[in-house]
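The values are calculated or read from the model by the stated rules, or taken from the named source; none is laboratory data. Just so it is clear, the structure is predicted and the values come from calculations on it, not from any experiment. Note that each Cβ is placed from the backbone with ideal geometry, even for glycine, and that neighbours are counted across all protein chains shown. Remember, those area values only see protein heavy atoms, side chains included, never the ligands or the DNA or RNA. Shrake-Rupley method; radii C 1.70, N 1.55, O 1.52, S 1.80 Å.
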Amino acid sequence: GNWAKLAAQQALTQDQLLEFDTFGNVTLMHVTDIHGQLKPIYFREPEINLGVGAVNGLPPHVTGEDFLKMFDIKPGTPEAYALTYVDFVSLAKSYGRMGGLDRVATVLNAIRADRPDALLLDGGDTWHGSYTCLKTEAQDMVNVMNALKPDAMTSHWEFTLGIDRVNEIVEGLDFPFLGANIFDAEWDEPAYEPYQMFERGGAKIAVIGQAFPYMPIANPGWMFPGLSFGVREERMYEVVQEVRDAGADLVVVLSHNGFDVDRKMAGQVPGIDVILTGHTHDALPEPVLVGNTLLIASGSNGKFVTRLDLDVQNGQMMGFRHKLIPIFSDVIEPDADVATLIDEQRAPYKAELEEVLGTTDTLLYRRGNFNGTWDDLICNALIEEREADIALSPGFRWAPSLLPGDPITREDLFNATSMSYPAAYRSEMTGETLNVIMEDVADNLFNPDPYYQQGGDMVRVGGMGYHIDVSKPQGSRITNMTLLKTGEPIDPARSYVVSGWASVNEDTEGPAIWDVVESYIKRMGTVHVDPNKSVKVTGP
Amino acid sequence: MAEGVKPRVKAPKSASAGETVVIKTLISHQMESGQRKDSDGNVIPRSIINRFTCDYNGQNIIDVTLAPAISTNPYFEFEAVIPDAGDMKFTWYDDDGSVYEETKSVAIA
Amino acid sequence: GAGVAVTLMLPARGALAAAEDRIAEFTGGAATGEGGITLTTPEIAENGNTVPIEVDAPGAVSIMVLASGNPTPDVCTFNFGPLAGAQRASTRIRLAGTQDVVAVAKMADGSFVQAQNTVKVTIGGCGG
Ligand SMILES: [Mn+2]
Ligand SMILES: [Mn+2]
């Protein structure tokens, strides 16, 4: 209750969160994967985050109690709440919401007071993920981020605004929109700036941008025709050489590759000092070292800001000091100017945002390799409202959590569904096609070579159970597909009515997913999601 | 004869003597593989660019044999040595007997 | 998410055998070595109908490219003339499904070297 909340918060102070022994001559500040979240949110970290092959059991593929042990964090502490799912609901009640870009602004300002020329680098997935972001075509995020004064950004979901809108925004930015791996597909020439050089603390710093490599595969390519992405390791190799030749003392890659891809790239491409990772939404309290390269993981949804102080001398990184600063929204004072700016963005939409659609008696979360309750709710809505046998919901890693008993507002619903291709399709698929889809998505997540992964989570399935052995090759991971309503095995030759959303195909038809889920929530009044026991996982 | 076939070339207008330069070419062409069927189920006959050459002052730079697995609008990028001023000649050979040509002059800077 | 018609195919034995035959024709049955040839391909095709590839084999006379999992494996053969600035070329190819792309270079001394990469052709959708 309130007493516990107060006691917990009194144990935490803003000064304590910001405490840092300034080190060296260069400071990097990293935020990534904010997904449109201007205001504080709850965000439950994953319970299941499997690593296959060489990365099995390595961070970030460590969760819960194992995570606490690995990083020597006591259960029940603010760090345990921020970084793991353990005791999430009760700790959420004690420690409150996290994030809020007005609180982030306070933290950035405090670091800048200490190191005025600190670089702020935004890893992308910034202009996407909320009701106001959708309605303003990301102008809300652009306005608020501009107030935080980033020095560079890279991208992923940004491109789902459509290429024209992206370029319109980019032209007006005061900082570069970097992507060394973005090419014009017709003539195979760089389409955006690959890097930016900065002089800080007497050192030349190259920040190389790496956009999400699988943009036209994971998201609708028709929204940004004529662009090609890809890991392009050989291009990264060339650009690192180019910036070193241009005198860079420190090479930083601002990446949206996803953690395992970055880990492989760090081992393959010499000369990178720091990779600021993104896309896979991992939050790690310590850097991961690959050779001499530091990999930094700063979480998502505005929950954290990384401060990384470096000692850079004569073209070499001599040492570092790191802190993943958790943004406890009840502890960190909001920056008044940014708070006002956020309110201004939201004011025109206040009534819609606050409309209560229903209540949840279940913790709603999404993050994790397999079904989360948010997606179970969405799948239930698709099956009921679209009269389907089976529902598919994409394995996104964004979407804040709601606590049991929380009202579900329209803002909450859009936090879990907002996107520019929301059509909830309804079509017939054979059992064989369903199996091919499941195998395809599973390989994008569990291929032992990270360059062949796309970094999302497994497609969420309603109405159908299955077994998955993540250690098997593509084509033999998925077995025992079962139609839940009859308990019968899925027949490869039979057709099933399947409803899903977020198809990357241009001609997809159907009502917007938020309309489907809204009507379901309103009909139910209070939604309840049973624990999902239909996916059996083996083999990591 | 295939319709709307249009070659495009990116080559430098000048180079220093002996310099190696990058050439890029595109030609708009369906590259009908011969494996697709029309709506009546009849096989659409193969019609592709089957050869591409690039010569400089009569000397060969590259000579490419193409199969139907080359994508629609065939693209090539390659490197050429420019010994002296002259003409770079690009030639695409169509299955239907058509020959498409393009010439770019390179000056010595 | 994926609400799509799916035509992903794994390479049939026949296609792989056909690729082996093409290599044997190209080399006259000589063994192929490794190294000295770089084949650059995307790990995952953005579009199976237009997959960019690059071959680079310094000193090669010609380089043959095969798609080992297509119904017929032939893709193209680059023959380099006296004014080639490098034995390097790029093009875009069609892949019928996830498979190995193979490049075999004939070197000036009559020897052969080979490289192959797996290119995944995927349905797509979903993400972080
Ligand atoms: Mn993200
Ligand atoms: Mn992302």
ask   = Can we say A:R410 is more than 16 Å from ligand 1 (Cβ to nearest atom), open to solvent by 10 Å² or more (accessible area, probe 1.4 Å) and in contact with a helix residue (DSSP H, G or I) (Cβ under 7 Å, 6 or more places away or on another chain)?
value = yes
remark   = Selection over segment B:73-101 where residues are of a type in the set (D, E, K, R) and touching a Gly at 6+ places or on another chain (Cβ under 8 Å) yields a count of 1
request  = Return the only residue of A:E168, A:E233 being within 11 Å of another protein chain (Cβ to nearest Cβ) and surrounded by fewer than 19 Cβ atoms within 10 Å (Cβ to Cβ).
outcome  = A:E233
inquiry  = Every residue in segment C:73-117 that is in contact with a Phe, Trp or Tyr (Cβ under 9 Å, 6 or more places away or on another chain) and more than 8 Å from every other protein chain (Cβ to nearest Cβ), please.
reply    = C:Q87, C:V104, C:A105, C:K106, C:F112
ask   = In segment A:262-278, which residue that is touching a strand residue (DSSP E or B) at 6+ places or on another chain (Cβ under 8 Å) and within 14 Å of another protein chain (Cβ to nearest Cβ) is farthest from ligand 1 (Cβ to nearest atom)?
value = A:M265
query = Could we say that B:T65 is open to solvent by 50 Å² or more (accessible area, probe 1.4 Å), within 10 Å of another protein chain (Cβ to nearest Cβ), under 19 Å from B:G4 (Cβ atoms) and at pLDDT 95 or above here?
reply = no
ask   = Which residue pairs have Cβ atoms closer than 7 Å, lie 6 or more positions apart in sequence or on different chains, and pair a first residue in segment A:209-233 that is of a type in the set (D, E, K, R) with a second residue that is in a loop (DSSP other than H, G, I, E, B)?
value = A:R232/A:N181; A:E233/A:V269
inquiry  = Taking the condition of being within 15 Å of A:Y192 (Cα to Cα) and of a type in the set (K, R), how many residues in segment A:202-259 meet it?
reply    = 2
query = Taking segment A:405-424, which residues are under 20 Å from A:R386 (Cβ atoms) and touching a Phe, Trp or Tyr at 6+ places or on another chain (Cβ under 7 Å)?
reply = A:L413, A:F414, A:A416, A:T417, A:S418, A:P422, A:A423, A:A424
inquiry  = Just the residues that are open to solvent by less than 10 Å² (accessible area, probe 1.4 Å) and under 30 Å from C:N70 (Cα atoms), please, taken from segment B:70-93.
reply    = B:I70, B:S71, B:P74, B:Y75, B:F76, B:F78, B:F90, B:T91, B:W92
ask   = For segment B:50-62, which residues satisfy the criterion of being open to solvent by 10 Å² or more (accessible area, probe 1.4 Å) and within 11 Å of B:Y93 (Cβ to Cβ)?
value = B:N50, B:R51
message = Anything in segment B:5-49 that is open to solvent by less than 70 Å² (accessible area, probe 1.4 Å), more than 14 Å from chain C (Cβ to nearest Cβ) and either in contact with a helix residue (DSSP H, G or I) (Cβ under 7 Å, 6 or more places away or on another chain) or under 20 Å from B:E101 (Cβ atoms) (or both)? List them, or say none.
response = B:V5, B:P7, B:V9, B:S47
remark   = Restricted to segment A:32-48 and to residues being open to solvent by less than 10 Å² (accessible area, probe 1.4 Å) and of a type outside the set (G, A, S), the residue nearest to A:G129 (Cα to Cα) is A:H35
inquiry  = Looking at the structure I just gave you, is A:A211 small (G, A, S), touching a His at 6+ places or on another chain (Cβ under 6 Å), open to solvent by less than 40 Å² (accessible area, probe 1.4 Å) and under 28 Å from A:H322 (Cα atoms)?
reply    = yes
message = Checking A:I390 against (1) on the phi > 0 side of the Ramachandran plot; (2) more than 16 Å from ligand 2 (Cβ to nearest atom); (3) buried (at least 19 other Cβ atoms within 10 Å of the Cβ): exactly one of these is not met. Which one?
response = (1)
request  = State yes or no: is A:D122 over 28 Å from A:F370 (Cβ atoms), crowded, with 18+ Cβ neighbours inside 10 Å, within 16 Å of ligand 2 (Cβ to nearest atom) and acidic (D, E)?
outcome  = yes
inquiry  = Return the residues of segment A:484-514 that are of a type in the set (S, T, Y), within 12 Å of chain C (Cβ to nearest Cβ) and assigned to a strand (DSSP E or B); say none if nothing qualifies.
reply    = A:S499
task = Filter segment A:27-41 for residues that are hydroxyl-bearing (S, T, Y) and within 15 Å of ligand 2 (Cβ to nearest atom) and give the result.
result = A:T32
inquiry  = Take the residues in segment C:50-65 that are outside any strand (DSSP E or B) and more than 14 Å from the chain's Cα centre (by Cα); name whichever of them is nearest to the other protein chains (Cβ to nearest Cβ).
reply    = C:P58
inquiry  = Would you confirm whether or not segment A:139-154 contains a residue that is more than 27 Å from A:A113 (Cα to Cα), open to solvent by less than 20 Å² (accessible area, probe 1.4 Å) and not in a loop (DSSP other than H, G, I, E, B)?
reply    = no
ask   = Tally time: how many residues in segment B:68-82 are farther than 15 Å from B:T25 by Cβ and more than 7 Å from chain C (Cβ to nearest Cβ)?
value = 2
remark   = Scanning segment B:31-48 residue by residue, those part of a loop (DSSP other than H, G, I, E, B) and over 14 Å from the mean Cα position of the chain (by Cα) turn out to be B:S33, B:G34, B:Q35, B:R36, B:D38, B:S39, B:D40, B:G41, B:N42, B:I44, B:P45, B:R46
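Yes/no matrix, rows are residues, columns are (1) within 24 Å of A:D87 (Cα to Cα); (2) away from ligand 1 (no atom under 16 Å from the Cβ):
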{"position": "A:K303", "(1), (2)": "yes, no"}
{"position": "A:R307", "(1), (2)": "no, yes"}
{"position": "A:G319", "(1), (2)": "no, yes"}
{"position": "A:H322", "(1), (2)": "no, yes"}
{"position": "A:G358", "(1), (2)": "no, yes"}
{"position": "A:R367", "(1), (2)": "yes, no"}
{"position": "A:L377", "(1), (2)": "yes, yes"}
{"position": "A:E384", "(1), (2)": "no, yes"}
query = Among the residues of segment A:251-261, how many are touching a residue at least 60 places away in the same chain (Cβ under 8 Å) and either more than 14 Å from chain C (Cβ to nearest Cβ) or away from ligand 1 (no atom under 16 Å from the Cβ) (or both)?
reply = 2
inquiry  = Under 8 Å between Cβ atoms, which residue pairs at least 6 apart in sequence (or on different chains) link something in segment A:122-139 that is basic (K, R) with a partner that is more than 16 Å from ligand 1 (Cβ to nearest atom) and not in a loop (DSSP other than H, G, I, E, B)?
reply    = A:K135/A:Y349
note = A:Y520 fails exactly one of (1) open to solvent by less than 60 Å² (accessible area, probe 1.4 Å); (2) under 25 Å from the mean Cα position of the chain (by Cα), namely (2)
message = Given the condition in contact (Cβ under 8 Å) with a residue 24 or more places away in the chain, closer than 27 Å to A:L50 by Cβ and either small (G, A, S) or more than 14 Å from chain C (Cβ to nearest Cβ) (or both), answer yes or no: does some residue in segment A:341-359 qualify?
response = no
query = In segment A:393-404, what count of residues is obtained for those that are over 15 Å from A:G129 (Cβ atoms), in contact with a Phe, Trp or Tyr (Cβ under 8 Å, 6 or more places away or on another chain) and surrounded by 24 or more Cβ atoms within 10 Å (Cβ to Cβ)?
reply = 2
